[in-house]
Structure formats: structure tokens, C-alpha cells
Amino acid sequence: MNTKTTSESDQGKPLKFVKKSKYLEKYDKFNFNIEKVKAEFLTIFYQIKNWSKDDPSLYDFNAICVNQKPNDPKSISGGNIRGKYWTFPSSNWEEEERLDSIDEEEYSEVCKPFRGTYIEEVHNTISAEWKIGRMRFLMKPPRSCLSWHRDPERRIHIPIITNPGCRMVIEDESFHMPADGSVYITDNTKYHNFFNGGEIDRLHLVSTLME
């Protein structure tokens, strides 16, 4: 099994996108071993056996943090799992702010379960290329979607498990991100949603992009 984070031909390759739309960019520099990430994640998840949630009643939001604030396990609990966002919750068309701001720049320590793994290599590769905050595995159950909302930052996506029914909608644009080892950057500062219309869980490795 290939364990390289990028192919040899990509070493030292300048960062450039191969696909760009209004709200999404796909980069060709990376060739992450998705099967290796998936296998490691499933092994670690079997040991953890639960998703981090600030609200246990939430069905549509499931997260496991890859990094945290140094020596601060509380930084991956409570409202820190989701963080600040804005939404239009009702028919009155009034925007509401939810949860508290996250100091993303402090998330510099890889969490213990991921240390010494290929997933840590992926984290280090992404953080060497971009300035990132939280990196989280985000799972969407079958036939579920998020609220129509916007976030404070853009996001870096590495799809791990997906299906044809998984689509992200940002403003007036809809697209699918295949699990092909590539990196996708989405403009989550615009109003968006993500839905899984398939019958299996969808899993992405998502990082907050600090500008």
C-alpha cells in the first residue's frame, strides 16, 4: 500500500488549482492515500466509539478532532466542537449568530490517538502548506443535511468516504467532492449546506483555513 503523502513527482511542486468555481477550488499537488486514512480512522474510532458533540441530541453533526490546544483536552469539547456560525432559523428572515468564536490559531497540537499515524502526516502536510486551525473528521449520516448557515472562515476538505448523493451547496452552486486524494477548498463564509442523500455515512477530513 502506498504510504507517501504526495507522489514523488509532486515533491516541491508549486500549489495550483486544477478546478475552480465561484466557491470551490481543487488542488492537484496532493495525492493522499485515502484508503490508509480510512483504515486508520476506523481503527481509532473503534477505540473511541463515540462522536464529539456539544449537543447530544444533534443527528446531523458528528465530529472527532485531530488537533487541539496544547495540553488542553477541553478545547475539543463543548461548543469548541462546532464554533461560531450564523443562520436564518425562521420565516422572519432575521440572521442569528450561534455559539462562541474559536481561537483557531491555538489548535497546534495533534491529539494523542492520532500521534505517529499517517493521519498525523496528512495534518502536518496540510499545516505546512496552509495556516490552519482545527482539523476534524466530520461525518454526515445517511439522508441528512446541515442547516443553511455561514462560517467565519473557508474550509479545506479531504473527502474520505462519499457517495453520489453527497453534495455541497454554496449559495447558488452545487457540487460533489470525490474521495480521490485531492484537496478541496470551499468558501464557507458564504451561505451553504451539505447533504448526504446516500445510504452510507459520509466522512470528510476538514480543516479551518486561516487567511
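FRET efficiency for the residue 180 to residue 60 pair, using the beta carbon distance and R₀ = 25 Å, is estimated at 0.50.
Model label sites at residue 38 and residue 105, defined 7 Å from Cα along the beta-carbon direction, differ in position by 3.8 nm. A simple rule links phi to the HN-Hα coupling: the Karplus curve 6.51 cos²θ - 1.76 cosθ + 1.60 with θ = phi - 60°, which for segment 155-169 gives 9, 9, 10, 10, x, 10, 10, 8, 7, x, x, 8, 9, 10, 10 Hz, with x for Gly and Pro.
The Rg/Rh ratio of the chain, with Rg taken over Cα atoms and Rh as the Kirkwood radius over Cα pairs, comes to 0.94.
Label-to-label distance, residue 199 versus residue 211, with points set 7 angstrom from Cα along the beta-carbon direction: 4.3 nm.
Among the chymotrypsin sites (Phe, Trp or Tyr not before Pro) found in segment 45-120, those both in a DSSP coil and sparsely packed, with 14 or fewer other Cβ atoms within 10 Å of their Cβ, are 59, 93.
Over the chain, Cα pairs under 8 Å with separation of 6+ residues give a relative contact order of 24 percent.
By other beta-carbon atoms within 10 Å, ranking 149, 176, 123, 204 with the fewest at the front produces 176, 149, 123, 204. A straight chain from residue 189 to residue 98 at 0.36 nm per residue would run longer than the Cα-Cα distance by 31.3 nm. Among 88, 30, the order by Cβ neighbours within 10 angstrom, fewest to most, reads 88, 30.
The HN-Hα couplings worked out from phi for segment 181-195 by the Karplus form 6.51 cos²θ - 1.76 cosθ + 1.60 (θ = phi - 60°) are x, 8, 10, 10, 10, 10, 8, 7, 6, 8, 5, 8, 8, 10, 10 Hz, whole numbers, x standing for Gly and Pro. Shown here for segment 98-151: trypsin sites (Lys or Arg not before Pro) in loop regions (DSSP other than H, G, I, E, B) with at most 15 other Cβ atoms within 10 Å, namely 115, 131, 143.
Cross-linked pairs 29/112; 36/190; 22/74; 36/140: Cα-Cα separations exceed 25 Å for 29/112; 36/190; 22/74. The stretch between residue 45 and residue 125, if pulled fully straight at 0.36 nm per residue, gains 26.6 nm over its current Cα-Cα span. Taking a sphere under 13 Å around the Cβ of residue 141 and counting the other residues whose Cβ falls inside, with K and R at +1 and D and E at -1, yields a net charge of +1. Segment 139-211 and segment 62-115 have Cα centres separated by 16 Å. Computed over the chain with a Gaussian network model linking Cα atoms closer than 10 Å, the most mobile of 91, 182, 147 is 91. The ranking of 109, 25, 97 by Cβ neighbour count inside 10 Å, starting from the fewest, reads 97, 109, 25.
Name the most mobile residue of 63, 128, 179, meaning the one with the largest mean-square fluctuation, in a Gaussian network model of the chain with Cα contacts below 10 Å. Largest GNM mean-square fluctuation: 128. Between residue 85 and residue 148, full extension at 0.36 nm per residue minus the direct alpha carbon distance yields a gain of 21.7 nm.
Since every read-out is calculated from the coordinates, none of them should be taken as a lab result. Only a predicted model underlies this, so the values are computations on that prediction, with no experimental measurement involved. Ideal geometry is used to build each Cβ from the backbone, glycine not excepted, and the neighbour counts take in all protein chains shown.
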